[in-house]
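See below for the structure under consideration.
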Amino acid sequence: MTLLPVSDALERLLRAFTPVCPETVPLRQAHGRIAAEDIKSRLTQPPFDASAMDGYAVRHADLADGPATLKLIGEAPAGSVFSGTIGPGEAVRIFTGGVMPKGADTVIIQENTEKPAEDMVRILESAPRGKNIRRAGGDFRNGDILVEKGTRLTSRHIGLLAAANVATLPVSRIPRVALLSTGDELVEVGGTVTAGQIVNSNAVMLSTLLEHQGAEVLELGIARDNESSLRIMAEQVRDVDLFVTIGGASVGDHDLVQKVLGTQGLEVDFWKIAMRPGKPLIFGHYRDIPMLGLPGNPASAYVCALVFLLPALHRLQGRRSSGAQKVMVSLSCALPANGPRQHYLRARIDSDAQGRLVADLAGAQDSGWLSPLARSNGLLIRPPQAPAAAQDALIPALMLPE
Ligand code: AMP
Ligand code: MG
């Protein structure tokens, strides 16, 4: 069987996903969720011309002849409105956020004034007409689109929507992902590890990655490497948007995922990708549920999760951009020419004194090793047959999420 190029596999996989339905949530709970529609403002901000500084609201014309002494006719603190009108030779004491009084067109900061008497202010230094005023609607207007559909909502968006008095909003329902580990050798974290056994590290690694990315994860546990165990465990898979298996995806006698699930309703779309690590990845549908069969080696499982699972989740969420962030990095050491598979090298990416992103390999690139993966924060991408890359060469990389 020929190996499928990564880009073809990703395209085929993404075609199988459509965004989940929206639900309405209170603003406070929208953090980290994905806007399911364009979100519009419900008011104009600022709602009125407001002072941007503490000082005095004046008529600019009164300052045309240099320093001037003006009569104070009132105050305009934030939260109340001065009801009068400023006439020639008059000023109003104003504070940041205060409504600009009628007649005034400029605010002079208090640092540039003196108080010769209780009801007088002397303007020592003028300012351009209109200075220190935040105009009504300068930030946004009622009905403006403030957040575009597909945006992941940060606390900054939440603050903006709060200012626009948006109390509830439509976001994508949280996608549900079922995660099934496979292997006779696996013991759950904290269990007793006897001869021949290893800890199921992949399930927690991937669950936490998926949860951080906004999925709800149903950890189904460990299916043993026999037909009945795998069949029984897979029977639990229902009401999910995506089914992920870990391990048993390769060609060994104990790699049963395709063989067993194939008799239980799994239709394979593709298997085996021209990538390293992660070649044995399976994609298909298990009883109409999209299914991703990840290889069991921890670095392979993680790289496949980053390259395929993350974009799939983002597509389910209806995000505008899907997958890990791609950046260009310069190499701290030369790399040899690449073979026929796209190679993802675990690397540490940091900015140097000039702010350039520089990548160091994070140690051995063994697909079973977790410590280089944990040290890394990026994956260098070496396309199939890429020529050798010199030190300082710029190459593409994927940044790893937290
Ligand atoms: P497999 O893909 O099932 O052939 O497994 C490949 C390698 O990954 C083997 O050394 C397994 O022991 C290991 N492995 C499989 N599943 C997990 C898991 N959930 N956590 C940690 N290692 C695993
Ligand atoms: Mg196995």
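To the nearest 20 debye, what charge dipole does the chain have about its Cα centre, counting +1 at the Cβ of each Lys and Arg and -1 at the Cβ of each Asp and Glu? Its charge dipole is roughly 660 debye. Pairwise Cα separations in the stretch 346-402 fall into 5 Å bins from 0 onward with the following percentages, short to long: 4, 18, 26, 27, 17, 7, 1, 0. Ellipticity at 222 nm from helices only: DSSP H runs of n ≥ 4 in the chain, each -39500 (n - 2.57), divided by the residue count, give -4500 deg cm²/dmol. Using the Cα centre of the stretch 314-363 as origin and beta-carbon charges of +1 (Lys, Arg) and -1 (Asp, Glu), tell me which of 324, 362, 336 is placed farthest towards the positive end of the dipole. So the residue we want is 324. Taking only Cα atoms and a 10 Å spring cutoff, compute GNM fluctuations for the chain and point out the largest among 224, 276, 129. Maximum fluctuation in the GNM of the chain, among the listed residues, is at 129. Among 154, 245, sorting on how many other beta-carbon atoms sit within 10 Å of each Cβ, with the fewest leading, yields 154, 245. Considering only DSSP beta bridges where both residues belong to the stretch 50-134, give the percentage that are antiparallel (nearest 5). If I count the DSSP bridges inside the stretch 50-134, around 75 percent turn out antiparallel.
If you wrap the tightest convex hull around every Cα atom of the stretch 160-319 and split its volume per residue, you get 134 Å³.
Put in order of Cβ neighbour count within 10 Å, fewest first, the listed residues 94, 123, 145 become 145, 123, 94.
Note on residue 187 and residue 226: their simple-model spin labels are 2.1 nm apart, each label 7 Å out from Cα toward Cβ. In this simple spin-label approximation, residue 52 and residue 119 carry label points 7 Å from Cα along the Cα→Cβ vector, and these lie 3.3 nm apart.
In a fully extended conformation the segment linking residue 69 and residue 333 would gain 88.1 nm over its present Cα-Cα distance, using 0.36 nm per residue. For the chain, a Gaussian network of Cα nodes joined below 10 Å ranks 320, 156, 382 by mean-square fluctuation, and the top entry is 156. Summarised as an ellipsoid, the stretch 286-384 has semi-axes of 26, 18, 12 Å, derived from the eigenvalues of the Cα gyration tensor scaled by 5 and square-rooted, with the largest first. Among the lysines of the chain, pairs at least eight places apart or on separate chains and with Cα atoms under 16 Å apart come to 5. Projecting the Cα positions of 266, 296, 222 onto the charge dipole of the stretch 207-303 (unit charges on Cβ atoms of Lys, Arg, Asp and Glu, taken about the Cα centre) puts 296 furthest along the positive direction. Taking every DSSP bridge with both residues inside the chain, close to 65 percent are antiparallel. Applying 0.36 nm per residue to the separation of residue 85 and residue 43 and subtracting their alpha-carbon distance, the gain on full extension is 12.5 nm. In the chain, Cα pairs under 8 Å separated by at least six residues give a relative contact order of 16 percent. Largest GNM mean-square fluctuation across 195, 334, 374, computed for the chain with C-alpha springs under 10 Å, falls on 195. Dipole size of the stretch 50-134 about its Cα centre, with +1 on Lys/Arg Cβ and -1 on Asp/Glu Cβ: approximately 260 debye, rounded to the nearest 20. First obtain the Kirkwood hydrodynamic radius of the chain from its Cα pairs, then insert it into the Stokes-Einstein equation at 25 °C and 0.890 mPa s, and state the resulting D in µm² per second as a whole number. For these conditions, the coefficient is 96 µm²/s. If you plug the beta carbon distance of residue 254 and residue 393 into 1/(1 + (r/R0)^6) with R0 = 41 Å, you get a FRET efficiency near 0.50. Taking the Cα centre of the stretch 1-90 as origin and assigning +1 to Lys and Arg Cβ atoms and -1 to Asp and Glu Cβ atoms, the resulting dipole is close to 420 debye. The order of 108, 198, going from fewest to most other C-beta atoms within 10 Å of their C-beta, is 198, 108. Dipole orientation for the chain: of the candidates 377, 56, 150, 150 has the Cα lying most toward the positive pole (charges on Cβ; Lys, Arg +1; Asp, Glu -1). With a simple spin-label model that places each label point 7 Å from the Cα along the Cα-to-Cβ direction, the separation between residue 24 and residue 197 comes to 5.1 nm.
Read the figures in this text as sums done on the coordinates, not as results from a lab. This is a predicted model, so every value here is computed, not measured. Counting neighbours? That spans all protein chains shown, and the Cβs are built from the backbone with ideal geometry, glycine included.
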